[in-house]
Structure formats: structure tokens, C-alpha cells
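Undergrad: The structure that follows is given in the form of C-alpha cells.
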């Protein structure tokens, strides 16, 4: 098993940041996610909710599924990834700080990954976190 964790500080309220990390907005925030089928614009995620994800770059796309296993509105979402490459779990936690909000993303992979793969996946999370920060601080996404 492999675990990759990254955090970022965002100068915005916890509620505002949460609206950005909700799975229905993953295509706007996470560069590798191309579509999330299973959430409506007004639908709320909850334990047991499933979605089909299409991810990848310009060269190739992969499909997999997620199932929400824990959901605490404005605080935490935990999901299981399956049916595609790199199965495992993911967790997004949102916490208020004295100056804004911390977002911590953790990906757990069922397999032991190579150092190069870990480095690449970690760099992707860092890139997405910076995109999330930019969008949330600019208020570019409707809640």
C-alpha cells in the first residue's frame, strides 16, 4: 500500500472552500478529472453515493468508480476508488485555521508504487491544490 498526503492553506472560509472540493466540482478543480457522472448540480453527496470518473491527460483517459464511504459536510469526504487503475481510497479534509482554511488531501493506493510514480502523483496533487487555492481565493466558483 502507498500513501500520499498533501496540504495547502487557502485564504477563504471553510464553507466556501468546501463548495469547491465537493465531488460535483472536481472537473473544475482537479486537472486530471474530465467528468464526474453521478452528481447533479444540486445533489448532495452522502455515504453510499457512487460516481463514474473519467480522468487522464490529452494522450489517454481512464475510467474508474468512486463510492463515498464517509461524508461530513464542510469537513471531510472519504471515498473508495475501484474499477480502474490505481485502486484504493481517497480523503479530502477541510479545517478552519485562524487565517483561513487548510485542505489536506490523502490518496491511499492498494499497490506499492514506484518512487517515480509517487513523485508524479504527488506533483499532480500539488498542482491541483494550487489550482484550488487560486480559484477559491478568487471566488471563481459559485457555491
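The values are calculated or read from the model by the stated rules, or taken from the named source; none is laboratory data. Since we're looking at a predicted model, the values are computed, not measured. Cβ: placed from backbone, ideal geometry, glycine included. Neighbour counts: every protein chain shown.
Undergrad: If you check 121, 86, 132, which single one turns out to be buried (at least 16 other Cβ atoms within 10 Å of the Cβ), assigned to a loop (DSSP other than H, G, I, E, B) and touching a residue at least 12 places away in the same chain (Cβ under 8 Å)?
TA: One residue alone meets the criteria, 86.
Undergrad: For the range 2-39, enumerate the residues that are under 26 Å from residue 61 (Cα atoms), more than 13 Å from the chain's Cα centre (by Cα) and at pLDDT 90 or above.
TA: 2, 3, listed by residue number.
Undergrad: Going by the conditions given, is residue 92 modelled with pLDDT of 90 or more and assigned to a strand (DSSP E or B)?
TA: Spelling it out, residue 92 is indeed modelled with pLDDT of 90 or more and assigned to a strand (DSSP E or B).
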